[in-house]
Amino acid sequence: MKTTKDILAELGACPEAVKWAGRKTHKKAWETCKRGEWLLWIAGRLDIDRKLFVLAACGCARTALKYVPDGEDRPRMAIETAEAWVRGEATIGQVRSAANAAASYAASHAADAASYAADAATYVAQAAADAATYAAQAADAASYAASYAAASHAVYAASYAASYAAASYAAARKDMAAIVRKIIPFSVIKKAIADYEEVK
């Protein structure tokens with residue numbers, strides 16, 4: 001059985017994450033990591049269920065909605081549309097439209113908590129769109145890579161939103177790590193690791 005450190009290195013994780021893994025067991029690493037973007041990254045690289053992955057990203061992005069001004073609904077709608085896609089209640093076209101609307105809001109504002117919150121919403125909708133493309137074209141590695149990259153960017157953007165609002169960047173990432181673990185339990189990761197090792 002490969003160590004967590006070995007798997008992270010094989011998957012192309014950043015040197016910081018590989019070093020952090022050290023001798024931690026798979027379970028210990030998953031349950032103690034304080035960085036939501038790392039958890040989403042590894043979940044995506046292990047090819048867990050796309051819809052579960054998108055839900056976790058949406059949960060992280062939702063933490064930034066409190067920084068969006070009252071009456072501005074585009075970031076929230078982008079997240080809700082991605083969640084609706086997971087339930088089979090929205091088309092990928094609707095997801096892309098909602099993502100574009102949130103991106104338009106972010107682009108029209110200077111870098112602040114609200115614009116980063118909109119960025120987070122845009123990224124999760126993009127992750128859903130890419131996940132749908134990947135599901136339709138199972139061999140499309142580009143869509144797969146784009147999906148988990150977008151989800152990780154959503155965590156970064158939500159963290160930036162917190163820091164711009166004078167909240168703790170590290171605390172925001174830690175909170176999002178807890179959200180990811182709640183939606184993607186270790187049992188899912190354990191199976192994905194077993195499948196990965198079987199292929200390798």
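Other residues within the sphere of radius under 11 Å centred on the Cβ of SER168, judged by their own Cβ, net out at +1 (K and R +1, D and E -1). Neighbours of VAL188 by Cβ distance under 15 Å: Lys/Arg scored +1, Asp/Glu scored -1, total +4.
A cut-off under 15 angstrom between Cβ atoms defines the neighbours of LEU65, and their net charge, with Lys, Arg +1 and Asp, Glu -1, is -4. Between LYS66 and GLU31, the C-beta separation translates, for a Förster distance of 22 Å, into a calculated FRET efficiency of about 0.25. Which pairs in the list LYS27/LYS66; LYS51/LYS174; LYS19/LYS182; LYS2/LYS182 are over 30 Å apart, alpha-carbon to alpha-carbon? Beyond 30 Å: LYS27/LYS66. Of CYS33, CYS14, CYS58, the sequence from fewest to most neighbouring Cβ atoms within 10 angstrom is CYS14, CYS33, CYS58.
Every number here is computed from the coordinates shown, using simple stated rules; none is lab data. Not measured: the values here are computed from a predicted model. Positions of Cβ are generated from backbone atoms using ideal geometry, with glycine treated the same way; all protein chains shown enter the neighbour counts.
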